[in-house]
1. Out of everything in the stretch 195-230 that is modelled with pLDDT of 90 or more and part of a loop (DSSP other than H, G, I, E, B), what residue ends up being farthest from the chain's Cα centre (by Cα)?
2. Scan the stretch 98-120 for residues that are buried (at least 16 other Cβ atoms within 10 Å of the Cβ) and in a loop (DSSP other than H, G, I, E, B) and report the count.
3. Taking the condition among the aliphatic types (A, V, I, L, M), modelled with pLDDT under 70, closer than 22 Å to V137 by Cβ and assigned by TED's automatic domain parsing to the domain that holds R122, does L192 pass?
4. Of these, I143, I162, which one is aliphatic (A, V, I, L, M), farther than 19 Å from D207 by Cα, assigned by TED's automatic domain parsing to the domain that holds T115 and in a loop (DSSP other than H, G, I, E, B)?
5. Does the stretch 165-181 hold any residues that are in contact (Cβ under 8 Å) with a residue 24 or more places away in the chain and surrounded by 13 or more Cβ atoms within 10 Å (Cβ to Cβ), and which are they?
6. Is it the case that some residue within the stretch 60-69 is crowded, with 20+ Cβ neighbours inside 10 Å, outside the structural domain of P211 (by TED's automatic domain parsing), of a type in the set (V, I, T) and more than 20 Å from C169 (Cβ to Cβ)?
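The values are calculated or read from the model by the stated rules, or taken from the named source; none is laboratory data. Small disclaimer: the values here were computed from a predicted structure and weren't measured. Note that we place each Cβ from the backbone using ideal geometry, even for glycine, and neighbour counts take in every protein chain shown.
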Amino acid sequence: MFGHITERFQTIFRNVRGLGKITDKNINDTVREVRRALLDADVNFKVAKSFVEVVAEKAQGTKVLKSVKPGQQFVKIIRDELVALLGTKPESLDLKSQPAVILLAGLQGAGKTTTAGKLALRLKQSGKSVLLAAADVYRPAAIQQLVTVGKQAGVAVYEEGIKDPLAICKRAIEEARSLKNDVVILDTAGRLHVDGEMMIEVQAISDGTNPDEILFVADGMTGQDAVKSA
């Protein structure tokens, strides 16, 4: 999704940069292409509509600017609004507890285990001691995969084989507490939001471990359905 929308915006920017003059027509033409690019990338209609309205309104002001090239100013407006839409500041994780508990949830095949390893490595590099907990007892080789990514990240993995996921998570937290780990990451099984039994299970894990952070891992191609799944 991001690759596709990047290509579309690069094309739009190339066309806009060459504009020697900003007119109502090329403003309308450009915001129409921006709207199409966003909708094709499965961005919510209301978000796309609000975005192009702001861009069009601000672009009107470029018609009277003399200090910069109009096309470049138009590109800057679109870029600045994209940054504002996606967020201008990174959100830090709440890791005040000892140990802090991070629960990873998401659909099957979304990349939770890989994300767990990358997150563990990032936290380790920031000076945190991390324990990974293998709570996906359903997917074949899921535990072994987490052990592998744990070794690659240089982070210990708590696993008990195929047992009760909630019990595994609770004991992993106790293990992290005894080892004085700063963070424990719970790698849970993938599940669909329509799978009642599996949703009850992840709710039980959340209630039983009281995580400091619940991170929903989604495939980059998921689009608006990620909101429904979350």
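1. N210
2. Keep residues of the stretch 98-120 that are buried (at least 16 other Cβ atoms within 10 Å of the Cβ), which gives 99-107, 110-113, 115-117, 119-120.
This time we only want the ones that are in a loop (DSSP other than H, G, I, E, B), so: 99, 107, 110-111.
Within the stretch 98-120, residues that are buried (at least 16 other Cβ atoms within 10 Å of the Cβ) and in a loop (DSSP other than H, G, I, E, B) number 4.
3. Against the criterion (among the aliphatic types (A, V, I, L, M), modelled with pLDDT under 70, closer than 22 Å to V137 by Cβ and assigned by TED's automatic domain parsing to the domain that holds R122), L192 qualifies.
4. Details: I143 fails: in a loop (DSSP other than H, G, I, E, B).
The conditions single out I162.
5. To start, the set of residues in the stretch 165-181 that are in contact (Cβ under 8 Å) with a residue 24 or more places away in the chain comprises 165-166, 168-170, 172-173, 175-177, 179-181.
P165, L166, I168, C169, K170, A172, I173, E175, A176, R177, L179, N181, listed by residue number.
6. Initially, the stretch 60-69 is screened for residues crowded, with 20+ Cβ neighbours inside 10 Å, giving 62.
Adding the requirement that they be outside the structural domain of P211 (by TED's automatic domain parsing) leaves 62.
If we keep only those that are of a type in the set (V, I, T) too, we end up with 62.
Right, trim to more than 20 Å from C169 (Cβ to Cβ) and you get 62.
Yes, the stretch 60-69 has at least one match.
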